[in-house]
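One structure is given below, encoded as structure tokens.
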Amino acid sequence: MISPNPIVRDPDFGRKRASLGGRMLFFAAAWAIVLVPFLLWRSDWLSGGLTESELGQYLQDQQTPRHVQHALGQVSERMAEHDPTVARWYPDLVRLASSPLEEIRNTDAWIMGQDTSRPEFHQALLAMLNDPSPLVRGNAAVSLVAFGDDAGRQQLRQMLQPAKVAAPQAGRVIDLATAGTAIRQTAAIARLQTTGGTIQVRAPIPGRVRALAVQRGASVQAGSELAMIDPGPAQVWEALHALAQVGRKEDLPLIAPYQTTPASFPEKVRQQAAETERAILERGR
């Protein structure tokens, strides 16, 4: 299923020379920014299973997303073990489908696919096909396949295609990523100078920058295409695996290119593409 990695750099960065001591302090601070949240999360995760009381508190903790994520992980584990008592937390899973945090909705969409006996999960996942995040829509589509529902098939098709990065506002492009760059989700693709200040435009999915539609210094309108991003291997594999169950013959042109995957893709993606094509042809529709 499914950390910021800015590409855009301060143009004055190379001209700012610091003393060795200053640079060491800078790197120490940078490492702290990265490591402290991770260590806090790891401490929570390794502290063992949550009690029922803690689990309820964590699922309701709107101020600490990592607590919610931790609790969702515990719920998922208990679902995988077919623990019948975990059903008491199912209303929270439905509620979190509309969380304001994308990472929580994304995890939630995946977890609800683990219990296909629940009609409330099915309905929540159908609604999540309209989520603003392509990753959430993708996980919802994959989970719906577990319910035997192909309502997310169009989203599965989109998961195999490049994603468009558009300008959220009108402005001037003052910095831009490089074509061919591998990126994480939320990595900065461009920086725009707008009437309200400077904003960064971030990647909607992890993958690789396929092409740029503008150049530095260009003026763009809201909605203008800035770049296209090819999906990463994890997303492609999930879509192919789901389409093996619900794909149709008209999906084959989208599947065929992945039978000769780029070197950066693992072999299992190519194998899954071949298996998906075979499954669709055997269904004969």
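At a glance:
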| item | result |
| --- | --- |
| Alpha-carbon spread of the range 233-285, three principal axes, descending order, Å | 32, 16, 14 |
| Rounded FRET efficiency, nearest 0.05, which uses the C-beta distance separating GLN154 from ALA279 and R0 of 25 Å | 0.85 |
| For ALA218, residues with placed amide H under 5 Å, excluding near neighbours | VAL173 |
| Separation of the GLU54 and HIS82 label points, Cα + 7 Å toward Cβ, nm | 2.8 nm |
| Potential extension, SER264-ALA170 segment - 0.36 nm per residue separation minus Cα distance | 30.4 nm |
| Ordering of 235-244, 84-93, 112-121, 202-211 by burial proxy (mean other Cβ atoms within 10 Å per residue, highest first) | 235-244, 202-211, 112-121, 84-93 |
| Tensor-based shape of the range 49-151 (alpha-carbon gyration tensor, a/c under 1.5 rounded, otherwise prolate or oblate) | oblate |
| Pairwise FRET efficiency - GLN161 versus GLU250, Cβ, R0 = 22 Å, nearest 0.05 | 0.95 |
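Read the figures in this text as sums done on the coordinates, not as results from a lab. If you're wondering where the values come from, they're calculated on a predicted model, not measured in any experiment. Because the Cβ atoms are built from the backbone with ideal geometry, glycine has one as well, and the counts that use them run over all protein chains shown.
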